[in-house]
Amino acid sequence: MELLPCIEMQTSDNPSAAIIWLHGLGADGNDFASLVPQLDLGGLPGIRFVFPSAPSMPVTVNGGYVMPAWYDIIGRSDSDPEDASGIQNSAKAIGALIEREASRGIAYQNIVLAGFSQGCAMVLHTGLRFPRRLAGIMALSGYLPLASSLSAERNPANQDTPIFLAHGDWDAVIIPERSERSRDFLQANGYDVQWKNYPMEHSLHPIEVIDIGHFLRRVLAS
């Protein structure tokens, strides 16, 4: 599989951990790269940040407009059909990035999957099905896609992987209740979910950035 184009940043010459961070609909790998200096990760082993860019495709909910997307969005409610093939194809591409980090000497248990919005959906889908234990899953302002297939496809390797799930109270793009239903579903299935909500829309909150730093320090400290 041809690897996705990525922006990479390292906190040392020989990193021993990696964070693969996925952007949201219509953005690209530049979206969160500027956030790295704000995370206060001093004292941790060296980290490689990998910010991939999704391929461009027509997005139904936006009138078929072609934009960077991890999968097509048919509608914005739980009852709308989901683009299963698009989600599965992107999961393979993300899995290839994980395997590249492993081939570069990063232990699987030192790799974090992070994502915002559509990227959040993809890291939840991919991480819970991945066959090797990961360090953590950071899921921001999104939801769990294809939830009905998780019980058959989940991998026990990541049953206990810490999940940071965060959402804005005023989010009109992905309503808070949708993320809350994902939280409840994951907790009911025994996953280790740390839930945070913030007074914001579909964005990042300054306190959330602090909490992200805390989560990353916790899961990568060893």
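The values are calculated or read from the model by the stated rules, or taken from the named source; none is laboratory data. As the structure is a computational prediction, the values presented were derived from the model and not from experiment. As a convention, Cβ positions derive from the backbone with ideal geometry for all residues, glycine included, and neighbour counts pool all protein chains shown. Each accessible area value is taken on the protein alone, full model and side chains, heavy atoms only, with ligands, DNA and RNA left out. Shrake-Rupley method; radii C 1.70, N 1.55, O 1.52, S 1.80 Å.
Suppose all protein chains stay in the model; what accessible area per residue would a 1.4 Å probe give for the stretch 134-222, in Å²? Before the final figure, lay out the partial values.
On the way: 3770 Å² over 89 residues.
Value for the stretch 134-222: 42 Å² per residue.
Projected label points at E153 and D192, each 7 Å from Cα along the beta carbon direction, are separated by 2.4 nanometres.
Surface composition of the chain: carbon and sulfur make up 50 percent of the accessible area, probe 1.4 Å. Per-residue surface analysis assigns C6 an accessible area of about 50 Å², computed on protein heavy atoms at 1.4 Å probe radius.
Using a probe of 1.4 Å, the accessible surface attributed to H214 totals some 100 Å² when neighbouring protein chains are kept in position.
Antiparallel versus total DSSP beta bridges in the stretch 1-89: what percent is that, nearest 5? It would help to have the intermediate numbers written out before the result.
Working: 10 of 14 bridges.
Percent antiparallel among DSSP bridges in the stretch 1-89 is about 70.
For the stretch 159-164, 3J(HN,Hα) computed residue by residue from phi via the Karplus equation (6.51, -1.76, 1.60; θ = phi - 60°) reads 4, 9, 5, x, 10, 9 Hz, glycine and proline entered as x.
Stretching D160 away from D78 to a fully extended chain increases their span by 26.9 nm, per 0.36 nm per residue minus the current alpha-carbon distance. Within the stretch 62-135, the trypsin sites (Lys or Arg not before Pro) that combine a DSSP coil assignment with at most 15 other C-beta atoms in a 10 angstrom radius are R76, R104, R132. DSSP finds beta bridges in the chain, and of those with both partners inside it, around 30 percent are antiparallel. A 1.4 Å probe, protein heavy atoms only, puts the accessible area of D40 near 110 Å². Binning at 10 angstrom from zero up to the longest distance, how are the C-alpha pair distances of the chain distributed in percent? Spelled out bin by bin, the chain gives 8, 37, 40, 14, 1 percent.
Work from the charge dipole of the stretch 1-121 (Cβ charges, +1 for Lys and Arg, -1 for Asp and Glu, about the Cα centre) and give the residue of T60, S103, I73 farthest towards its positive end. Farthest towards the positive pole: S103.
Among beta bridges identified by DSSP and lying wholly in the stretch 97-222, the antiparallel ones come to about 0 percent.
Helix by helix through the chain, keep the DSSP H runs that span 15 Å or more along the axis on Cα and average at least -1.0 on Kyte-Doolittle, and give those back in order.
Working: long enough: 84-103 (28 Å, 0.03); 118-129 (17 Å, 0.44); 176-188 (18 Å, -1.72); 206-220 (21 Å, 0.74).
Counting only whole DSSP H runs, the qualifying helices are 84-103, 118-129, 206-220.
Extending 7 Å from the Cα toward the beta-carbon at both E8 and E201 defines two label points whose distance is 3.6 nm. Note on the stretch 97-203: with charges restricted to the Cβ of Lys and Arg (+1) and Asp and Glu (-1), its dipole about the Cα centre is near 400 debye. Taking amide H as placed 1.01 Å from N in the peptide plane, L144 has its amide H under 5 Å from the amide H of S182, each at least 5 places away in sequence or on another chain.
Taking the Cα centre of the chain as origin, work out the dipole magnitude from +1 charges on Lys and Arg Cβ and -1 charges on Asp and Glu Cβ, in debye rounded to 20. Mind showing how you got there, number by number?
On the way: 15 positive and 24 negative charges, 129 e Å.
That gives the chain a dipole magnitude of about 620 debye.
Loop-located chymotrypsin sites (Phe, Trp or Tyr not before Pro) in the stretch 128-188 (DSSP state not H, G, I, E or B) with no more than 16 neighbouring Cβ atoms inside 10 Å: W170. Placing pseudo-labels 7 Å out from each Cα toward the beta carbon at N89 and V61 gives an inter-label distance of 1.9 nm.
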